[in-house]
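Enquirer: Attaching a single structure in structure tokens format; questions to follow.
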Amino acid sequence: MGARSNSRVTLETSDSFENRIALAEKKLPRRASMATDEVVPTRLAEASRAMAGDTSIAENYAFTGVHHIFDQHKDAVTAVRFANNDKSLLACCSLDGSLSICQLTPPPASVLYILSGHKAGITAFEWSISNDLILSCSLDATVRLWDAALGRCIRVVEDPLQASVQCCAFQPLNNNMVVVGNSKGMVQVLNVSTGIYLKGGSSKTSGSVLSIVFDSSGKLLWAGDDRGYIVSYLFDLHSGRLTKGKKILVSENSAITCLSARSWASREARDPSLLANCAADAVLLFSIIRKDGTLELKRKFPVKHRSQLAMIRSSFCPIMSFRQGACIVTGSEDTCVYFFDLVRENKPCVNKLQGHSATVIDVCFNYDESLLASSDASGMVIIWKREQR
């Protein structure tokens with residue numbers, strides 16, 4: 001544990017690596033095949049648009065090729081995350097029971113650490129705000145805290161019910177507190193500094209908790225379960241106490257596999273928003289309309305996602321507020337990565353990346369959108385290069 005390791009594909013002279021990059025690049029869409037309809041921004045968006053350049057969403061998310069392919073994991077890579085405000089530091093977690101920390105630039109890209117210790121598949125992880133810690137959760141009914149700089153585990157906390165832990169999140173304003181969700185329907189607040197679950201910091205939901213997310217204030221939390229419900233919670237910053245807010249049924253018995261929150265998407269879409277992947281062939285955009293986390297459905301985007309076991313994820317593109325329109329990116333069971341414009345009414349899909357050979361589970365941009373990471377059910381992670389303008 002903690003030993004340095006190199007990816008099996010970091011040698012760019014290897015035939016297998018070149019062949020796989022060539023295959024992925026062949027599947028990149030040609031510019032002419034992208035949607036050409038443009039969203040006309042409001043007058044208020046002109047200044048932001050000038051900063052980003054006078055280009056359409058499709059042009060902004062054109063990709064030129066593959067930067068690297070990682071295949072150090074032996075099973076599905078369930079999550080990929082760039083470190084906060086870092087262009088090149090990436091972490092991945094897998095059902096093979098390990099995490100990896102990768103450096104993408106300067107070339108050659110390499111695996112810095114393999115983090116071993118979990119006894120079963122890892123379902124999710126998150127970087128702390130300062131990138132010094134990584135929080136992970138697993139089917140082995142534990143949560144682990146890792147020193148990211150040294151690549152070693154510094155704390156292991158067992159689930160009180162010995163249930164599989166399926167999602168986790170740092171409290172945005174106090175990284176000593178984390179929230180986890182387990183297979184027995186419990187949302188629980190944990191102090192990772194002490195390893196103690198907080199009194200009053202737990203609540204039961206309808207089904208197995210698959211996804212959780214805070215808003216930027218840290219005062220609101222949402223949890224999604226395998227029965228198709230999203231529940232909001234008020235989080236007391238001082239005590240860690242959870243108070244249940246509102247509960248909505250998105251689609252009966254259709255797993256909510258991912259939740260992402262955004263204070264505002266763009267100048268054309270100013271409402272605080274929640275993004276949800278649902279195993280009913282949909283990515284859903286909700287407006288957050290009240291302080292108790294009440295949601296109102298705003299848009300629905302079609303994506304291949306029917307299996308309740310496919311933990312497909314999506315995310316808001318990080319600098320969309322400075323773009324013409326607003327964009328999200330999502331994985332899919334059809335092995336593709338999709339980009340949707342939240343503002344465009346007709347033909348909202350503005351790009352599609354093909355290169356994976358298995359279900360694309362997670363997708364993540366670095367903070368300046370120069371690189372996109374996507375992971376799949378076979379254990380492959382592709383790093384895509386965005387066309388620079």
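Enquirer: What residue, of Ile101, Ile196, is β-branched (Val, Ile, Thr), without any contact (Cβ under 8 Å) to a residue 12 or more places away in the chain and farther than 30 Å from Leu249 by Cβ?
Expert: Ile196
Enquirer: Here's another thing I want to ask about it. Going by the structure shown, is Asn191 without any contact (Cβ under 8 Å) to a residue 40 or more places away in the chain and surrounded by fewer than 19 Cβ atoms within 10 Å (Cβ to Cβ)?
Expert: no
Enquirer: Hey, can you tell me all the residues within region 330-365 that are in a loop (DSSP other than H, G, I, E, B) and either of a type in the set (Ser, Thr, Tyr) or crowded, with 24+ Cβ neighbours inside 10 Å (or both)?
Expert: Result: Gly331, Ser332, Thr335, Leu342, Gly355, His356, Ser357, Thr359.
Enquirer: Sort through Ser206, Ser232, Ser217, Ser202 and tell me the only one that's among the hydroxyl-bearing types (Ser, Thr, Tyr), under 29 Å from Ala280 (Cβ atoms) and either in contact with a helix residue (DSSP H, G or I) (Cβ under 7 Å, 6 or more places away or on another chain) or part of a loop (DSSP other than H, G, I, E, B) (or both).
Expert: Exactly one of Ser206, Ser232, Ser217, Ser202 is among the hydroxyl-bearing types (Ser, Thr, Tyr), under 29 Å from Ala280 (Cβ atoms) and either in contact with a helix residue (DSSP H, G or I) (Cβ under 7 Å, 6 or more places away or on another chain) or part of a loop (DSSP other than H, G, I, E, B) (or both), namely Ser206.
Enquirer: Evaluate region 276-283: report whether one residue or more is within 26 Å of Val231 (Cα to Cα), at pLDDT below 95 and in contact with a Lys or Arg (Cβ under 7 Å, 6 or more places away or on another chain).
Expert: So far as region 276-283 goes, no, none of its residues is within 26 Å of Val231 (Cα to Cα), at pLDDT below 95 and in contact with a Lys or Arg (Cβ under 7 Å, 6 or more places away or on another chain).
Enquirer: Another question, if that's okay. Considering only residues that are within 12 Å of Ala148 (Cβ to Cβ) and assigned to a strand (DSSP E or B), look in region 77-101 and name the one that is nearest to the chain's Cα centre (by Cα).
Expert: Of everything passing the filter in region 77-101, Arg81 is nearest to the chain's Cα centre (by Cα).
Enquirer: Just checking, does region 285-307 include any residue being within 14 Å of the chain's Cα centre (by Cα), modelled with pLDDT of 95 or more and not basic (Lys, Arg)?
Expert: Looking for residues that are within 14 Å of the chain's Cα centre (by Cα), modelled with pLDDT of 95 or more and not basic (Lys, Arg), one finds none in region 285-307, hence no.
Enquirer: If I go through region 102-112 residue by residue, how many of them are not in a loop (DSSP other than H, G, I, E, B) and not hydrophobic (A, V, I, L, M, F, W, C)?
Expert: The number of residues fulfilling the criteria is 2.
Enquirer: Are there any pairs with C-beta distances below 6 angstrom linking a residue in region 236-261 that is basic (Lys, Arg) and modelled with pLDDT of 95 or more to a residue that is part of a loop (DSSP other than H, G, I, E, B) and crowded, with 17+ Cβ neighbours inside 10 Å, with the two at least 6 apart or on different chains, and if so which?
Expert: So the pair list comes out as Lys246/Gly293.
The values are calculated or read from the model by the stated rules, or taken from the named source; none is laboratory data. No experiment lies behind these values; they were computed from the predicted model shown. Note: ideal-geometry Cβ built from the backbone for every residue, glycine included; neighbour counts use all protein chains shown.
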